[in-house]
Amino acid sequence: MSPIRSATIAALASAVVATTLTGCQFGEAEQDTSPIVIAADLELSGAAATVGRTYQRALELKVEQLNSSGALNGREIKLTVKDNRSDSAESLRNIVDFSNDSRVSAIIMGGCNECAVGAVGTINEKRIPTIALAASGAIAAPVAERRYVFKLGPNAPDSAAALTTELRRNNIRKVGMLVSDDDYGQEGATALKSELDKANISLRQQRIKTTDTDVSRQVQQLASGKPEAMVFWTPPEQATLAAASAQQTTFRGSIYFDAGAAGDLFLGAAAKATEKATLIFTQTMVIDDVIATTPAKAARRQWFQDYTARFGGYNGSSSFAADAVQLIADAELRAGGEIGKVDRNGIRDVLETSQMDGLSGPIRMTPDNHSGLMPQALTTLVARNGRWRLAG
């Protein structure tokens, strides 16, 4: 047999062996191993940097957990973050940059209401699915004009209803309200007044700018009206400032925080001023007080423990960021589309019908409602001995 013929037979034999070993794979669909790129526009400097850094930590932890879980069908999430410097113009530039990157599946925006509301037009024009963690209802409604925009966090009407229930339960008839002069604050003032009017509870308001670092004058004005309770509907830092200012007045009534005022689990220097204050927020903040009787509660407890172990404390807002990552990852995997290419329209369509028992609580998106956190997610917490606890 000639050397050439012998080599040819050997090559054919090798091909047969290779076909035998791998032939079962030829009929299978090609696996998509491309990264899932999620962009984040966050307040990492400027007035709102504290909450922005909280979101960044939560996003990074959740991405790490999902990437190591094996639940992404061989894919990994890549997180790309830009600082908007707590400035809506800078935020809009970030959104445009993210939108123009064909690798980006979706955007997560931080806690800046003005940034999210100001970007709505661009987000819809660019057709890029976006989940905002800011609180203003104007971010996600009306839905017809915000098809690509979703919101994850407490809603003003739900928070107002829960606060009013607590005020009525405690037979309070006269309330002073310190409210931030932004979209969410205006929504809150309207919603709370409507609820209190129905309950025949009087309301007096004082407004502050979200950048104010001294709220003592406004708190003094509220105290002069001799309210039985004060409601602080402001960002977390201002709410604790207001509680400390109230201590310096003649006010000796009860203090209530709206969900938007939730911050760290441990109250630190504000512990004395906030003792026995009431906060409307999600159960995740105090999940270590809750018996994990369901898989969802067990997951929330694990998230609380993982976050606390990593960062030495817990911030209530972290769960919203983690849930946003989960929603986008799930939508990317379910949307399908061409391998290696991002189907933003498909992701949007899946997000619009997403349902899950998230770390924040039950989340339900519908074509008529792009603000997914259900009212049932909110519960009543009380400050005791320097930290938030489950009421009761």
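The values are calculated or read from the model by the stated rules, or taken from the named source; none is laboratory data. Everything numeric in this text was worked out from a predicted model, so none of it was measured. Every residue, glycine as well, gets a Cβ built from its backbone with ideal geometry; the counts of neighbours run over all protein chains shown. Ligands, DNA and RNA are stripped out before the accessible areas are found, and what is left, the full protein with its side chains, is counted by its heavy atoms. Shrake-Rupley method; radii C 1.70, N 1.55, O 1.52, S 1.80 Å.
Quick notes on this structure:
- Yes/no for Val51 being aliphatic (A, V, I, L, M), touching a residue at least 40 places away in the same chain (Cβ under 8 Å) and either within 21 Å of Gly346 (Cβ to Cβ) or open to solvent by less than 10 Å² (accessible area, probe 1.4 Å) (or both): no
- Counted residues, region 208-244 - those being under 25 Å from the mean Cα position of the chain (by Cα), more than 14 Å from Phe257 (Cα to Cα), modelled with pLDDT of 95 or more and not β-branched (Val, Ile, Thr): 0
- A count restricted to region 46-63 and to residues that are out of contact with any Gly (no Cβ under 6 Å at 6 or more places or on another chain) and at pLDDT 95 or above stands at 10.
- Residue within region 337-358 that is among the charged types (D, E, K, R), open to solvent by 50 Å² or more (accessible area, probe 1.4 Å) and at pLDDT below 95 present: yes
- Screening region 138-227 for strands (runs of 3 or more DSSP E) wholly inside it with 2 or more residues that are surrounded by fewer than 20 Cβ atoms within 10 Å (Cβ to Cβ) returns the ranges 202-208.
- Selected residue [touching a helix residue (DSSP H, G or I) at 6+ places or on another chain (Cβ under 9 Å) and in a loop (DSSP other than H, G, I, E, B)] from Ile128, Ile95, Ile123, Ile107: Ile128
- Residues in region 55-88 that are touching a residue at least 24 places away in the same chain (Cβ under 8 Å) and part of a helix (DSSP H, G or I): Tyr55, Gln56, Arg57, Ala58, Leu59, Leu61, Lys62, Val63, Gln65, Leu66, Ser88.
- Total residues in region 323-336, condition under 21 Å from Ser360 (Cα atoms) and open to solvent by 20 Å² or more (accessible area, probe 1.4 Å): 2
- Looking across region 228-248, just one residue is among the polar types (S, T, N, Q), surrounded by fewer than 19 Cβ atoms within 10 Å (Cβ to Cβ) and in a helix (DSSP H, G or I), and that is Gln247.
- Verdict on Val37 being modelled with pLDDT of 90 or more, in a helix (DSSP H, G or I) and either within 25 Å of Leu92 (Cα to Cα) or aromatic (Phe, Trp, Tyr) (or both): no
- Which listed residue is in contact with a Ser or Thr (Cβ under 8 Å, 6 or more places away or on another chain) and either more than 24 Å from Gly111 (Cα to Cα) or among the charged types (D, E, K, R) (or both), from Arg384, Arg344: Arg344
For every residue, the table says whether it meets (1) open to solvent by less than 20 Å² (accessible area, probe 1.4 Å); (2) part of a loop (DSSP other than H, G, I, E, B).
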{"residue": "Lys272", "(1), (2)": "no, no"}
{"residue": "Leu279", "(1), (2)": "yes, no"}
{"residue": "Thr284", "(1), (2)": "yes, no"}
{"residue": "Ile287", "(1), (2)": "yes, no"}
{"residue": "Ala292", "(1), (2)": "no, yes"}
{"residue": "Arg300", "(1), (2)": "no, no"}
{"residue": "Trp303", "(1), (2)": "yes, no"}
{"residue": "Tyr307", "(1), (2)": "yes, no"}
